[in-house]
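To start, the structure itself, in structure tokens.
Laboratory data are not the source of any read-out in this text; all were calculated from the coordinates shown. Predicted model only: the values in this text are computed from it and were never measured. Virtual Cβ from ideal backbone geometry, glycine too; neighbours counted across all protein chains shown.
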């Protein structure tokens with residue numbers, strides 16, 4: 001069924017370059033209950049997820065966004081003449097993980113967790129806007145305090161920090177690794 | 001910090017530390033496969049199937065130092081971090097050897113601080129493998145806010161240049177030009193508006209222009225000057241972006257994909 005609301009929502013998401021939240025859709029289509037909008041978006045997500053489309057609506061960063069489907073990555077890269085998309089280095093990812101799980105956190109605390117000086121990793125993560133400085137800690141030297149950014153959520157396809165791998169998932173990984181070693 | 005530590009643009013290969021290859025003379029150790037001393041310690045603990053809560057400090061210290069002895073390259077920055085943990089291990093051992101009046105209670109175990117750190121680090125490492133999976137999945141899904149990176153990208157992050165760098169490069173080039181400029185200058189009017197349109201058109205068409213090459217092609221000094229002002233203006237108004245891959249390399253000018261956007265993420 002093609003409801004006009006679904007079409008409106010689709011067009012709004014299409015022009016949006018950052019995740020479009022329910023609140024913002026609601027502010028545009030006045031007087032529509034949130035539940036209806038949610039239903040329209042859900043339908044849109046289900047529609048576009050189905051086969052027969054090259055793009056899909058994804059729920060990420062607390063809102064909705066159009067993205068291409070993973071299957072067409074090769075062709076897209078060919079169009080944009082990009083050989084490969086760069087991943088974070090292991091040092092970068094490790095630093096990012098330490099911040100994600102321990103935020104708000106200072107450089108010294110991150111380096112402490114990793115056992116390695118993390119200054120340059122922090123710099124690169126800042127440049128990539130995956131982390132941000134949120135202030136200074138009331139401690140000797142007033143060190144800068146870091147947090148992950150909205151881009152971080154987007155980068156990993158998360159909606160909030162609650163969606164980070166949980167303690168249980170991490171414990172499971174460790175179990176598996178140990179089982180593999182044994 | 002070294003280049004190896006920095007978040008360089010890593011190839012999408014598996015990044016599990018390669019095991020040291022056994023050779024008749026011993027083994028070749030590359031410390032840089034380990035993210036740091038904690039990573040090395042965890043590796044040794046796992047290899048020996050040791051219970052992390054009951055680490056035989058003497059044995060693990062010996063293994064650890066062995067590794068440091070067999071390293072193939074020296075890097076003072078990293079070495080310090082590895083040696084720091086070696087010192088910590090020896091300190092813990094000394095604490096354990098010291099006679100005590102009362103029996104050691106559980107919470108007084110001198111190993112506890114290290115064990116806590118190792119456990120925390122182990123968790124972060126495990127989280128990393130999960131986050132890497134997410135990253136790999138997300139990387140295949142292109143979103144509209146994506147701005148294509150520059151072509152011919154090297155391991156180095158290109159530097160976005162200031163107007164001063166551009167100016168410097170321009171004067172350098174003009175100097176070179178003036179050396180072989182013997183012709184009389186033709187009187188031809190070049191207006192900024194026309195040149196600006198021409199430049200944007202060129203950028204749209206070619207996506208990128210080589211800064212120096214572009215000026216070499218300019219007929220007269222006057223024309224080159226006008227073009228230069230246009231480029232400065234385009235960069236200033238954030239319509240174009242000037243990029244240099246490495247110091248002293250040529251400067252390339254790109255049209256900004258997000259030129260019309262007002263919400264620049266700084």
Note: residue B:222 to residue B:176 extended length (0.36 nm per residue) minus current alpha-carbon separation gives 15.0 nm
Note on the stretch A:90-181: contact order normalised by length, alpha-carbon pairs under 8 Å, 6 or more apart, percent, works out to 25
Inter-chain shielding metric for A:65-75, i.e. average beta-carbon neighbours from other chains within 10 angstrom, reads 4
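Given the DSSP H assignment, sum -39500 (n - 2.57) over each helix run of at least 4 residues in chain A and divide by its residue total; what's the result at 222 nm in deg cm²/dmol, nearest 500? Before the final figure, lay out the partial values.
Details: 9 runs with 95 residues, N = 182.
When only DSSP H runs of four or more count, the value is -15500 deg cm²/dmol.
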Sorted on mean Cβ neighbours within 10 Å (highest first), peptides A:122-133, A:145-156 come out as A:145-156, A:122-133
Of every Cα-Cα pair in the stretch B:200-250, the percentage lying beyond 13 Å is 63
Label model pair residue B:119, residue A:39: point-to-point distance (7 angstrom along the Cα→beta-carbon line) in nm is 5.0
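Pairs of Cα atoms under 8 Å, at least six residues apart: use those to get the relative contact order of chain A, whole percent. Provide the component values of the computation, followed by the final result.
Values: 190 pairs, mean separation 30.3, N = 182.
Worked out over chain A, it gives 17 percent.
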Given a Förster distance of 35 Å, the FRET efficiency implied by the Cβ-Cβ spacing of residue A:47 and residue B:197, rounded to the nearest 0.05, works out to 0.20
Note: B:129-137 gets an average of partner chain Cβ contacts (10 Å, Cβ to Cβ) equal to 6
